[in-house]
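The values are calculated or read from the model by the stated rules, or taken from the named source; none is laboratory data. Since the structure is predicted, the reported quantities are computational estimates derived from the model, not experimental observations. Counting neighbours? That spans all protein chains shown, and the Cβs are built from the backbone with ideal geometry, glycine included.
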Amino acid sequence: MPINIDNLTEQELSELNFRIVERLKFLRSMHTHSEMMQFRPGEKVSFEPPGQETQFATLVKFNRKTVTVITEAGERWNVSPHLLNKVKSIQSSSMKNIESH
């Protein structure tokens, strides 16, 4: 849907720009929130910091744009939810196998 902005005044363009920026912020926020809702506090996760080995951690808190995790080494990280992977519990997997036999 093409929008003709050639006839808009500077004031109208500024207002349009403001509305576009606010809408983009809102959409990004909704996307981040949706990614966060795939996880639960207490859940085991992993992530790969640049230049480091994979970190295994427990999710402890939701923030506005990130989640706080505590690694197995006791370090606290704030990580974007799209960088996290769920870690399957070996115990729960083996218990399912035992129950199915």
Practice task
Give the number of residues within the range 49-87 that are exposed (fewer than 12 other Cβ atoms within 10 Å of the Cβ) and either at positive phi or of a type in the set (D, E, K, R) (or both).
Solution key: 7
Practice task
Examine the range 24-35 for a residue that is closer than 30 Å to residue 72 by Cβ and either touching a Leu at 6+ places or on another chain (Cβ under 8 Å) or charged (D, E, K, R) (or both), and state whether such a residue exists.
Solution key: yes
Fill in the blank from the handout: Filtering the range 14-42 down to residues that are without any contact (Cβ under 8 Å) to a residue 40 or more places away in the chain, among the hydroxyl-bearing types (Ser, Thr, Tyr) and surrounded by 12 or more Cβ atoms within 10 Å (Cβ to Cβ) yields 29
Completion exercise
Cβ pairs under 6 Å, 6+ apart or interchain, first in the range 49-78 and within 18 Å of residue 34 (Cβ to Cβ) and at pLDDT below 95, second surrounded by fewer than 15 Cβ atoms within 10 Å (Cβ to Cβ) and of a type outside the set (Ser, Thr, Tyr), ordered by first then second residue, are 66/78
